[in-house]
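> A single structure is presented below for examination.
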């Protein structure tokens, strides 16, 4: 559907309130209604469980029975899921969870403001799921250097790759460089089969996964072959100057102070550098050697550098991941 048709369909959603705290959300397009409710109404069932409301599909309507406050939350969630379906042609479980997040139900955030943060890639539209993710996307677009720290699942790498890929496709940059320290998480590189590239590829696999989620496999492979996208261990970055590039250092908690300084000083004309890491998952033999937190302290005051700290509330994977991260964080604080 064209942008005009999408806006028209969204505007044609009707909301009818009854005296018994029942809200009817009426769809003018039955195909869209089916996409939002899901097969066997599975999306509604999931939304019903999360919001602790009663939801029913009746004809061309979704009925919501709860308090006026919760009805309003579900109303905003349904509108968000409608937009999500129109943009991507599908609704995932994480979208349902995100649809009731504070960012999406905050009345101060109107549709126009949300559009500003949508990252449109060939395969999907990527939408920030929390206030910090929104701040992070803004920083990725406006700052020369971005340092982010936080637990797994908060979108640090995925959002950075999405912004970088968009800039590459729009020809605002000439190259994306994705890098990671090749540090073992309890294993040894020497015991892995193959040559050096085959040994380090497992450490770089999450970067490939993010790319393949945003652009077709064949197109990604082609861009890697011609050098538009480069994926390399951190050790390979020494001595280079990165011009017209978007460089991302992932898993930076496993980089030493010297290595992070080396990576940051690669920045050249019309380039951005992103440093991402999780301070709670340091795999270095001596954890005090990690340079991630020190880089935040040393450089956070510079206007050209943005520092974004995520926590368990920003986790957008399975809801259990947020609970696991919080449990470990609380335990560490007690020890």
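> Extension gain residue 138-residue 240, at 0.36 nm per residue separation less the Cα-Cα distance, in nm?
Extending this stretch completely gives an extra 34.0 nm.
> What length, rounded to one decimal in nm, is gained on full extension from residue 303 through to residue 221, with 0.36 nm per residue of separation minus their alpha-carbon distance?
Working it through step by step, the gained length comes to 25.9 nm.
> Beyond 29 Å, what share of the Cα-Cα pairs of region 119-334 remains, rounded to the nearest whole percent?
22 percent
> Alpha carbon centre of region 26-75 versus region 293-308: separation in Å?
44 Å
Here, each number is a calculation from the coordinates, and none is a lab measurement. Since this is a predicted model, take the numbers as computed values, not measurements.
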